[in-house]
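The values are calculated or read from the model by the stated rules, or taken from the named source; none is laboratory data. Remember, predicted model here, so these are calculated numbers, not experimental data. As a convention, Cβ positions derive from the backbone with ideal geometry for all residues, glycine included, and neighbour counts pool all protein chains shown.
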Ligand code: THU
């Protein structure tokens with residue numbers, strides 16, 4: 001497990017606050033400047049207030065400065081890939097083009113599935129649609 005992006009997602013997963021689902025998730029983003037930003041899911045006793053790992057990683061990225069995501073890794077336990085939820089696909093699309101690579105890995109960093117954002121969110125609505 002030598003890929004720093006995979007390592008970041010696997011490590012972030014262990015920081016998750018997921019006492020309700022017990023489903024720990026880590027996400028890591030590599031930006032166009034090479035920087036890496038990670039997040040974990042943070043659940044809440046008021047269930048709908050929980051936040052996905054991808055959203056946490058995006059917040060960390062925005063706080064640090066970069067705005068362009070080149071690659072995404074999502075880490076969860078088991079052999080079934082943890083694909084991003086619908087809302088997170090759209091959140092990622094704000095900062096990533098359709099060609100961005102998305103890899104789903106297990107808790108050890110083993111790649112379970114590889115995709116592009118376009119495959120996960122076809123015909124997406126992005127900032128370009130508003131002229132940005
Ligand atoms: N979750 C994520 O953090 N990212 C995903 O891609 C899918 C699901 C979280 C939300 C919730 O805390 C737990 O996993 C179970 O749904």
Would you call residue 111 at pLDDT 95 or above, under 19 Å from residue 6 (Cα atoms) and away from the ligand (no atom under 11 Å from the Cβ)?
-> yes
Flagged pairs (Cβ under 8 angstrom, 6 or more apart or on separate chains; first in segment 63-75, more than 16 Å from residue 53 (Cβ to Cβ); second within 16 Å of the ligand (Cβ to nearest atom) and assigned to a strand (DSSP E or B)) are 64/37; 66/37; 68/96; 70/96; 70/100; 70/101
Output yes when any residue across segment 10-19 is near the ligand (Cβ under 9 Å from one of its atoms), surrounded by fewer than 22 Cβ atoms within 10 Å (Cβ to Cβ) and at pLDDT 95 or above, and no when none is.
-> yes
Of everything in segment 20-31 that's more than 15 Å from residue 76 (Cβ to Cβ) and surrounded by 13 or more Cβ atoms within 10 Å (Cβ to Cβ), which residue is nearest to the ligand (Cβ to nearest atom)?
-> 29
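Okay, residues lined up against (1) buried (at least 22 other Cβ atoms within 10 Å of the Cβ); (2) touching a helix residue (DSSP H, G or I) at 6+ places or on another chain (Cβ under 9 Å); (3) at pLDDT below 95:
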{"position": "49", "(1), (2), (3)": "no, no, no"}
{"position": "55", "(1), (2), (3)": "no, yes, no"}
{"position": "59", "(1), (2), (3)": "no, no, no"}
{"position": "62", "(1), (2), (3)": "no, no, no"}
{"position": "74", "(1), (2), (3)": "yes, yes, no"}
{"position": "85", "(1), (2), (3)": "no, yes, no"}
{"position": "89", "(1), (2), (3)": "no, yes, no"}
Identify, by number, the condition in (1) closer than 21 Å to residue 118 by Cα; (2) in contact with a helix residue (DSSP H, G or I) (Cβ under 8 Å, 6 or more places away or on another chain); (3) buried (at least 16 other Cβ atoms within 10 Å of the Cβ) that residue 70 doesn't meet.
-> (2)
Hey, could you check segment 38-54 for residues that are closer than 18 Å to residue 90 by Cβ and more than 8 Å from the ligand (Cβ to nearest atom) and say which is farthest from the chain's Cα centre (by Cα)?
-> 48
